[in-house]
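Visitor: I have a structure I would like to understand better, so I am pasting it below and will then ask my questions one at a time.
The values are calculated or read from the model by the stated rules, or taken from the named source; none is laboratory data. The shown structure was predicted, so the numbers you read here are calculated from the model rather than taken from an experiment. All Cβ positions, glycine included, derive from the backbone under ideal geometry; neighbour counts span all protein chains shown. Heads up: the accessible areas ignore ligands, DNA and RNA and are worked out on the full protein's heavy atoms, side chains in. Shrake-Rupley method; radii C 1.70, N 1.55, O 1.52, S 1.80 Å.
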Amino acid sequence: MTILNGKEIAAEVLTECREKVGTLQSRGVTPGLAVVIVGDDPASHVYVNSKVKTCGELGIHSRKIELPTETTQEEVLQVVRDLNGDPAIHGILVQSPPPPHINEEEIIRLLDPRKDVDGFHPVNVGKLVMEDESGFVPCTPQGCIHLLEKAGIETSGANAVVIGRSMIVGKPMALLLMGKGVNATVTVAHSRTRELAAVCRQADILVAAIGKPGFVTADFVKDGAVVIDVGINRVEDSSKKRGFRLVGDVAYDEVAPKCHAITPVPGGVGPMTIAFLMSNTVKAAGG
Ligand code: GUN
């Protein structure tokens, strides 16, 4: 059983980004990323701070825009309009999920697709479907594919099952897995799927993106499967100073012994997401 070390592979991606930032800077361009966060969700703030910190380590200019929960839709739209027109900003990210009164889709549609480093705008979704590489691919699924590639996992003709159909992970993950160059046979399972465990047991590659701690148990997993755990869930743990620990969507201890390879949580997919956000930002700046 191999534990896929996302931290290590992400570090390689970041090194490549740092080199490209150097080249851009020698041409007088400093890549700039704006990160917008509305509200006070503690996990979202941790992610956003981590993104901003990584920008600093790479020489990417970053701007964090923190808006209070009661910010109106129009105020958020105006922030995006301003960033669309700001030449120092090449990438814009609006952290998801926003508070319930905010219409996230309207904000995404307003983004300049050339600055949409999350790959959420319809133009970029369309380009992903069409396999047009000029678009931006969502960071988490891009990171998962990169992990599989780096681990030398044979994907061509493999049965891949993705659990979850979100716009951030499930849908783009399925598109990447079925794409040319990856060539997996893909099933997308979700909350209404019948016989879910039996469907998942067909998987050579199982991607869990559900958002429920420990949801994927050993009976979901075929011997020798590759398991990619996208979940990052906080569960109460009074033995920890901060009062919680992070666990994935996979019941790691019982699943790992059955696997050919598995991603841990933390230290698996999480660092890859940030690395590909940096990579997309460098691309947005022309690198
Ligand atoms: N929330 C969880 N993952 C992501 C992501 O990749 N981008 C944004 N904008 N929000 C997220």
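Visitor: How many residues are on the phi < 0 side of the Ramachandran plot and either among the aromatic types (Phe, Trp, Tyr) or open to solvent by 60 Å² or more (accessible area, probe 1.4 Å) (or both) if we restrict to the range 131-141?
Guide: Looking only at that region, the number is 4.
Visitor: Only one residue in 20, 53, 64, 7 is closer than 30 Å to residue 257 by Cβ, open to solvent by 30 Å² or more (accessible area, probe 1.4 Å) and of a type in the set (Lys, Arg). Which one?
Guide: 7
Visitor: Residue 144: in a helix (DSSP H, G or I), under 18 Å from the mean Cα position of the chain (by Cα), more than 14 Å from the ligand (Cβ to nearest atom) and surrounded by 22 or more Cβ atoms within 10 Å (Cβ to Cβ), yes or no?
Guide: No: the conditions fail for residue 144.
Visitor: Here are some residues: 242, 192, 165. Which one is over 22 Å from residue 256 (Cα atoms), in contact with a His (Cβ under 8 Å, 6 or more places away or on another chain) and of a type outside the set (Phe, Trp, Tyr)?
Guide: Being over 22 Å from residue 256 (Cα atoms), in contact with a His (Cβ under 8 Å, 6 or more places away or on another chain) and of a type outside the set (Phe, Trp, Tyr) holds for just one of 242, 192, 165, which is 165.
Visitor: Looking at 284, 251 in this structure, which one is more than 26 Å from residue 53 (Cβ to Cβ) and in contact (Cβ under 8 Å) with a residue 12 or more places away in the chain?
Guide: 251
Visitor: Does residue 80 satisfy the condition of being more than 11 Å from the ligand (Cβ to nearest atom), of a type in the set (A, V, I, L, M, F, W, C), open to solvent by less than 30 Å² (accessible area, probe 1.4 Å) and more than 18 Å from the chain's Cα centre (by Cα)?
Guide: Spelling it out, residue 80 is indeed more than 11 Å from the ligand (Cβ to nearest atom), of a type in the set (A, V, I, L, M, F, W, C), open to solvent by less than 30 Å² (accessible area, probe 1.4 Å) and more than 18 Å from the chain's Cα centre (by Cα).
Visitor: A further question on this structure: Looking only at the range 148-158, which residues are more than 17 Å from residue 203 (Cα to Cα) and either within 16 Å of the ligand (Cβ to nearest atom) or outside any loop (DSSP other than H, G, I, E, B) (or both)?
Guide: 149, 150 - these are the residues of the range 148-158 that are more than 17 Å from residue 203 (Cα to Cα) and either within 16 Å of the ligand (Cβ to nearest atom) or outside any loop (DSSP other than H, G, I, E, B) (or both).
Visitor: Step by step: first the residues of the range 159-173, then only those that are open to solvent by less than 60 Å² (accessible area, probe 1.4 Å) and closer than 14 Å to residue 191 by Cα, then the one that is farthest from the ligand (Cβ to nearest atom). Which residue is that?
Guide: 161
Visitor: What pairs can you find where one residue is in the range 131-150 and among the hydroxyl-bearing types (Ser, Thr, Tyr), the other is assigned to a helix (DSSP H, G or I), and their Cβ atoms are less than 7 Å apart, with a gap of 6+ or different chains?
Guide: Close Cβ pairs satisfying both conditions: 134/127; 140/269; 140/273.
Visitor: Residue 99 - would you say it is open to solvent by less than 20 Å² (accessible area, probe 1.4 Å), of a type outside the set (Asp, Glu) and over 30 Å from residue 149 (Cα atoms)?
Guide: Spelling it out, residue 99 is indeed open to solvent by less than 20 Å² (accessible area, probe 1.4 Å), of a type outside the set (Asp, Glu) and over 30 Å from residue 149 (Cα atoms).
Visitor: Does residue 228 fit the bill of being within 30 Å of residue 18 (Cα to Cα) and open to solvent by less than 20 Å² (accessible area, probe 1.4 Å)?
Guide: Spelling it out, residue 228 is indeed within 30 Å of residue 18 (Cα to Cα) and open to solvent by less than 20 Å² (accessible area, probe 1.4 Å).
Visitor: Now, a different point. Here is a list: 261, 284, 275. Which entry is buried (at least 22 other Cβ atoms within 10 Å of the Cβ), small (Gly, Ala, Ser) and in contact with a helix residue (DSSP H, G or I) (Cβ under 9 Å, 6 or more places away or on another chain)?
Guide: Residue meeting the stated conditions: 275.
Visitor: Now, a different point. Among (1) over 20 Å from the mean Cα position of the chain (by Cα); (2) under 17 Å from residue 274 (Cβ atoms); (3) not basic (Lys, Arg), which single condition is residue 46 missing?
Guide: The number of the failed condition is (1).
Visitor: Please find, among 58, 33, 24, 110, the residue that is more than 16 Å from the ligand (Cβ to nearest atom) and in contact with a helix residue (DSSP H, G or I) (Cβ under 6 Å, 6 or more places away or on another chain).
Guide: 58
Visitor: Of the numbered conditions (1) surrounded by 23 or more Cβ atoms within 10 Å (Cβ to Cβ); (2) within 16 Å of the ligand (Cβ to nearest atom), residue 128 satisfies every one except a single condition; which is it?
Guide: (1) is the only condition that residue 128 fails.
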